[in-house]
Structure formats: structure tokens, C-alpha cells
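Below is one structure, written out as C-alpha cells; the observations come after it.
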Amino acid sequence: MAAGPTRTPQRERSRGTQARLLAATVDSLVECGWSGTTTTGVAARAGVSRGAQLHHYPTKAALVIAAVEHLAERRAAEIRGEAAALPSGPRRLDRVVDMLAAAFTGPLFAAALELWVAARTDPELRDALVPLEAQVGRELYHLTVDLLGVDERVPGVRESVQATLDLLRGLGVANLLTDDTARRTALLEAWKRQLAALLAPAPVER
């Protein structure tokens, strides 16, 4: 007697449902903004029943926070993967800054910015978002330290890395409303030169 079709385990189905919901949530935030994103709209976009959506994410805040957390983890993994192809030597810093700059102009950044603005007047969203953003910020900082191959215990390194991330975040915001490519490129080139000087090993005294 032939064996019947293998049934997909419940856990696998659950993960698939969650993945579709999270992807649909990010798409909705990017296309419709926070106010235009609804749980029913996300469920329809994901091809998931309303009941299944409520089972996994009972509130809008829970859904969008999970979506941003998921994308942040995925983007960090992608950056680590891309880092394998980075050159060594002086060109590495340029490539690292360019790679991080791209992270602040993608869909994750646009979705996150929608949440930052909404959280200003939504206490439930703010309470959920603040610890997540702190966690994402710490992980991005440590990732940047690793990519640059610097020692954060050296005076000035921590501040230089954080200043780089703050600059990239600000340039990402400026780029949302208008194409700011020319200005952003010029600023990044200037900052790369300054950053290389800030992170250069101190000369050994003889």
C-alpha cells in the first residue's frame, strides 16, 4: 500500500503563516503608512484568515513590532553575509559605510520610521517599540564594530562608530521625501575620510 502524502507539521505551517504576515505587514507600512495599515488588510494581503492572524498577533502593535524585529534580524544576517566579500585594506571602510548606508534607505528603514512617528502619540506602540529599537541599535553598533575591525576600548572609537550610524540615519530620513543621492554621496565621501583618520591606530612612541 502506497504511503499517503507527508503532512506538513503544525509548527512548519505556523512559521509559514507568520512569515507571510510579517512580510505583508512591512509591505503595508511602506506602501500605506502606519495609519493605512490594518490587521484585516495585512491578513488579506498575506492570504491568511483573520482568525489565524489574531492567533499569532492579537493586536496591530504586536504585529508591526514583530515584523520590524524580523526584518532587522534578516537584514543583519544579510549584511554579515555580504561582509564575506568585503576587501581588506583601506577600501574596506568605504565599502562598510556604503553597505550600512544602503540599510538606511531600504524598506526596513521606511517601515521603522513609520513606527517612530506613530509611537510619539501611541503609548502602547511606544512601550513596545522603545526596547526593540534599543536592542536593534545595540546590535547594529556591534555589527559595525565587527565589520570595521576596530577595538571599541580604544578612546574615540565608540563615539566615531556611533556618529557614523547617527549620520547614516539622518541621511536616510532626508532621502525619504526627495532623491538626496548627490548630497548624500558627497557627505559620505567626506565622512569616510574623517572616519578613517579617527579610527587610524595611534603612532607608537619611540
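Under the condition of being of a type in the set (D, E, K, R) and over 15 Å from the mean Cα position of the chain (by Cα), which residue from the range 99-143 is modelled with the lowest pLDDT? Steps first, answer last, please.
We begin by selecting, within the range 99-143, every residue of a type in the set (D, E, K, R); these are 114, 120, 122, 124, 126-127, 133, 138-139.
Subset that is over 15 Å from the mean Cα position of the chain (by Cα): 120, 122, 124, 126-127.
Working: R120: 87, D122: 86, E124: 82, R126: 87, D127: 86.
Across the range 99-143, the extreme among qualifying residues is E124.
The set of residues in the range 13-54 that are more than 23 Å from the chain's Cα centre (by Cα), loosely packed, with under 15 Cβ neighbours inside 10 Å and either basic (K, R) or closer than 17 Å to H70 by Cβ (or both) comprises R13, S14, R50. All conditions in (1) farther than 26 Å from T25 by Cβ; (2) in a helix (DSSP H, G or I) hold for V150, with the sole exception of (2). For the range 155-169, a residue qualifies if it is touching a residue at least 24 places away in the same chain (Cβ under 8 Å) and more than 22 Å from the chain's Cα centre (by Cα), and the qualifying residues are G156, V157. Looking across the range 170-186, the residues that are surrounded by fewer than 17 Cβ atoms within 10 Å (Cβ to Cβ), within 22 Å of the chain's Cα centre (by Cα) and outside any loop (DSSP other than H, G, I, E, B) come down to G170, V173, A174, L176, L177, T181, T185.
The values are calculated or read from the model by the stated rules, or taken from the named source; none is laboratory data. Since the model is a prediction, treat every value here as computed from it, not as a measurement. For neighbour counting, all protein chains shown are included, and Cβ atoms are generated from backbone atoms with ideal geometry for every residue, glycine included.
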